[in-house]
1. Can you compute the charge dipole magnitude of the chain about its Cα centre, using +1 on each Lys and Arg Cβ and -1 on each Asp and Glu Cβ, nothing else charged? Give it in debye, rounded to the nearest 20.
2. Place the peptides 91-97, 59-65 in order of packing, highest mean first, counting for every residue the other Cβ atoms within 10 Å and averaging per peptide.
3. Rank by packing, highest mean first: peptides 166-173, 41-48, 104-111, with packing defined as the count of other Cβ atoms within 10 Å averaged across residues.
4. Quick one: P(r) of the chain from all Cα-Cα pairs, 10 Å bins, percents rounded to integers, in order of increasing distance.
5. Going toward the positive end of the dipole of the chain, with +1 on Lys and Arg Cβ and -1 on Asp and Glu Cβ, which of M139, V95, I187 do you reach last?
6. Can you give the calculated 222 nm mean residue ellipticity of the chain, where each DSSP H run of n ≥ 4 adds -39,500 (n - 2.57) and the sum is split over every residue, rounded to the nearest 500 deg cm²/dmol?
7. Note the per residue figure in Å³ for the convex hull of the C-alpha positions in the range 33-134.
8. Can you pull a Stokes-Einstein diffusion coefficient for the range 115-203 at 10 °C (1.306 mPa s), Rh from Kirkwood over Cα pairs, as a whole number of µm²/s?
Amino acid sequence: MQSDSHRQHISGQFNAELEAVRNHLLEMGGRVEAAVARAVETLLTRDSGEAEAVIAADQEVNAMEVRIDEECSRILARRQPAASDLRLVIAVAKVTTDLERVGDEATKIARQAITLSEQAPARSGSPEVRRIGKHVGAMLRSALDAFARQDVAMAVNVVVDDEGVDSEYHSAMRSLVTFMMEDPRNIGPILNELWALRALERIGDHAANIAEQVIYLARGLDVRHMEPAELRAYMQEEPGQPSPGDAAP
């Protein structure tokens, strides 16, 4: 009887540790999501003061990454999890890395905002930045929501939707290069905006990576190298699963 009570106690502690590391990841995700939104706004408004705040706040994200990595290492060493518990720890560790890199991309955008604030106004790609910024922000939010709920259909939508971001990015690149060719005075500001757009495109990639980890966590399936069409086909073959045809806007 005492042995059963001890096992239940250990099991309860283990579950609490898993829940804690999961919650810390979601807290980090909220911080990073806010940083992306703030960074995009600083670029649109050329607010150097707010951009500096975004850059400074990245240290907190880095500290959270270290803390979560340490928690995952302790769980692996002390608990030796198996099956779904092991998948959770692995997924948390990988998602943490992607979130830290999203934070880095947000600081890159903020740095471009500082540079733009020091330049004379010129024809800008603000509509493109606003549109793609909104798109990748929605992708990141959906990826984190999917992780919190272990919602595979939502995660698949995010993975598939990355194609849309890539298409928007290449279209914006063509448009902005045209503006640079029309007036050399546009070259400096638009180059800064192109770097910011590149950072946004990378954030979309990281959001898709997070969504792939949701699928791994929920199904034990590694879809990192699946083409979107292949992933759609797989999901449609799964019994009782909603079709992932409608991507997030």
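The values are calculated or read from the model by the stated rules, or taken from the named source; none is laboratory data. Worth saying up front: this structure is predicted, and the values here are computed from it rather than measured. No Cβ is skipped: glycine too gets one built from the backbone with ideal geometry, and neighbour counts run over all protein chains shown. In case anyone asks, the SASA skips ligands and DNA or RNA and just uses the protein heavy atoms, side chains included. Shrake-Rupley method; radii C 1.70, N 1.55, O 1.52, S 1.80 Å.
1. Numbers: 27 positive and 41 negative charges, 45 e Å.
The dipole of the chain has a size of about 220 debye.
2. Details: 91-97: 21.6, 59-65: 15.6.
Those peptides, ordered most packed to least, come out 91-97, 59-65.
3. On the way: 166-173: 15.5, 41-48: 20.2, 104-111: 23.6.
Result, highest mean Cβ count within 10 Å first: 104-111, 41-48, 166-173.
4. Reading upward from the zero bin: 8, 28, 29, 20, 10, 3, 1, 0, 0.
5. Towards the positive end, the residue furthest out is V95.
6. Details: 7 runs with 209 residues, N = 249.
My calculation for the chain gives -30500 deg cm²/dmol from helical runs alone.
7. 83 Å³
8. Roughly 112 µm²/s, to the nearest whole number.
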